[in-house]
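To keep things clear, I will list the structure first and then write my remarks on it.
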Amino acid sequence: MGTSWVGVMDVPLTGNQTYIVDANVRGGLTAVTPVCSFISARLVHVETGQVIQDSERLVTEICVTDSDDDPTNNPEPVKVSNNDTVPISVEIDVRGRKTIRLEAMRKDVKVFGPIQTSAIFSHSTGLTTIRYF
């Protein structure tokens, strides 16, 4: 995952009704210190490109720096990891057809070492899901 919004999964909604769209988003970061980076997720109406109101969430974050953020003051960089799962739940009115996309993006605030892993995960130890009812 890079530093621009990317699509993770889509869900098509049809009919004339109000849906509750519920997502669980699992994200992970691995980096070398000093680092301050995070992953956000949001829901977007694919046909219009509009972000669904109140859907953006901070998924996970790593922020390990020294007191003055000077990378030369950290003689022994270490590898750090973090992963979290966050919920997103919104009401969406549908009149006809709408496709809702889960998107994610990594934002680097201060990165001095490499970002080794930046991903939205979905596997046996933790799922990223989107459902509607």
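Kindly indicate the residue of region 102-133 that is among the small types (Gly, Ala, Ser) and in contact (Cβ under 8 Å) with a residue 60 or more places away in the chain and also farthest from GLU91 (Cα to Cα) among those meeting that condition.
GLY113
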Residue that is modelled with the highest pLDDT [pool: residues in region 9-30 that are over 14 Å from the mean Cα position of the chain (by Cα) and within 21 Å of THR125 (Cα to Cα)]: ASP22
Looking at region 52-63, can you tell me whether even one residue there is over 15 Å from the mean Cα position of the chain (by Cα), surrounded by 16 or more Cβ atoms within 10 Å (Cβ to Cβ), modelled with pLDDT of 85 or more and not in a loop (DSSP other than H, G, I, E, B)? no
Filter region 26-51 for residues that are surrounded by 19 or more Cβ atoms within 10 Å (Cβ to Cβ) and within 10 Å of GLU103 (Cβ to Cβ) and give the result. SER40, ALA41, ARG42, LEU43, VAL44
Looking only at region 99-133, which residues are in a loop (DSSP other than H, G, I, E, B) and either aromatic (Phe, Trp, Tyr) or more than 20 Å from VAL8 (Cα to Cα) (or both)? PHE112, GLY113, PRO114, PHE133
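The values are calculated or read from the model by the stated rules, or taken from the named source; none is laboratory data. In this text the structure is predicted, and so the values were computed from the model without any measurement. Virtual Cβ from ideal backbone geometry, glycine too; neighbours counted across all protein chains shown.
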